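Before any comments, here is the structure.
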Amino acid sequence: MRRILLTTGILLGFAFGQSGPSDVFRIGPGVTAPVPVYKPEPQYSPEARAAEIHGAVMFQLVVDEQGHATNIKVVNPLGFGLDERAREAIGEWRFQPGVKDGKAVRILATIEVHFRLRGRLKVEENWNQLRRALQLLQGDPVQKEQALRTIEDLAHKKFPAAMYEYGRFLSAGKKLSSDANRSQDLIAKAAEAKYGPAMFDLASASIQTKQAADLESAKEMIRKAAGLGSADAQYFLALVYEKGNRDLGFQQDDERSVYYYRSCAAAGKMQCQFRLGELILNDPSRQQSDIVEAIAWLELATDQGDTRARTLGPRERASLTPEQITAVTTLKPRLVHLD
């Protein structure tokens with residue numbers, strides 16, 4: 001059985017969300033950080049274990065005077081059931097409280113829980129081969145041919161992401177001769193293997209029928225696809241929960257919308273990064289410190305070429321202190337899942 005390696009860390013350098021009531025303090029001069037003294041580790045979810053997922057979930061929370069974690073909020077979701085597992089574990093943690101002027105006080109802190117599976121070298125090798133092949137598709141004809149052979153070989157080995165990508169190429173008929181039947185078969189097999197993007201593709205096609213039974217099944221598949229890492233499914237749900245969609249039977253739900261925007265923003269989707277930053281800035285209850293997170297998201301979107309973020313970000317950045325600008329720089333790489 002694969003061994004699980006879990007690590008956690010309190011990010012003492014910054015806590016960027018709402019500061020909340022006046023009796024909640026930030027770690028800094030004269031305020032000591034809370035220290036974990038009892039830290040049960042979360043368990044891997046079955047979905048994450050099957051997909052051999054690793055990565056980090058970021059939380060913001062308040063450690064109270066008794067050393068309990070309260071007001072736990074996920075900032076950077078990972079999905080695959082790991083957010084819930086990490087949150088449950090943090091709720092059981094106990095801390096030596098932070099201290100100000102010799103007295104225990106409530107402390108705003110940011111915590112990352114890192115999940116790692118030992119012995120996942122094979123899946124990493126497959127992912128590395130697939131990523132290199134997808135990059136080579138932008139090269140010369142010889143490189144493209146080599147890349148397509150690599151992806152086809154990985155698909156033959158039943159690597160779900162490769163089955164999905166090769167199926168898409170067969171459907172588009174651009175890089176390969178069109179083969180609708182084989183394309184559908186590969187994408188369906190990737191979906192059966194619980195590969196989120198393939199599940200979302202199938203559900204999106206099904207939802208076009210708008211038949212009641214198919215619609216409910218498709219919506220449930222989209223939710224599962226979002227939980228299994230499909231950024232497109234996450235973006236879809238963020239949009240329909242933000243505005244509501246009577247035709248598809250979605251009620252407006254701001255909390256769910258923001259959660260899904262966070263999920264696809266963390267996956268690197270530019271549209272989600274911009275919209276999440278915009279939503280934080282437009283929140284009437286925002287604190288000055290919330291602008292740090294918003295600017296970080298907007299700058300990530302700008303780095304990908306979003307012109308709206310390029311306009312909005314600098315205007316809000318002008319109000320930041322030098323310390324907050326440093327916090328933006330520190331925060332940016334932590335917000336996006338690189339694995």
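Every read-out reported here was derived from the displayed coordinates using simple, explicitly stated rules and does not represent laboratory data. These figures come from a predicted structure and were not determined experimentally. Cβ coordinates were reconstructed from backbone atoms using ideal geometry, including for glycine residues, and neighbour counts include every protein chain displayed.
Seen from a random direction on average, the alpha-carbon convex hull of region 197-339 projects onto 9.0 square nanometres. In the chain, with Lys and Arg counted as +1 and Asp and Glu as -1 at Cβ, which of these residues, Ala155, Ala205, Leu215, has the Cα nearest the positive end of the dipole, that is, farthest along it? My answer, from the dipole projection, is Ala155.
Partners of Lys73 within straight-line reach, counting lysines whose Cα lies under 21 Å from its Cα and excluding those fewer than 8 residues away in the same chain: Lys39, Lys332.
Counting only Cβ charges, +1 for Lys and Arg and -1 for Asp and Glu, the dipole size of region 268-335 around its Cα centre is about 160 debye. If the Kirkwood radius is taken over C-alpha pairs of region 121-193, then at 10 °C and 1.306 mPa s the Stokes-Einstein diffusion coefficient equals 131 µm²/s. Using Cβ point charges alone (K and R +1, D and E -1), the dipole size of region 147-280 about the Cα centre works out to roughly 300 debye. What number of lysine-lysine pairs in region 121-193 show an alpha-carbon separation below 16 angstrom, given a sequence spacing of 8 or more or placement on distinct chains? Summing the qualifying lysine pairs gives 6. With N the number of residues in region 268-335, Rg(Cα) / (2.2 N^0.38 Å) evaluates to 0.98.
Rg ratio for the chain: its Cα radius of gyration over 2.2 N^0.38 Å, N being its residue count, equals 1.09. Peptide packing: for 30-40, 219-229, the average count of neighbouring Cβ atoms within 10 Å per residue gives the ranking 219-229, 30-40, highest mean first. Here the dipole of the chain is about 600 debye; that uses its Cα centre as origin and unit charges on the Cβ of Lys and Arg (positive) and Asp and Glu (negative).
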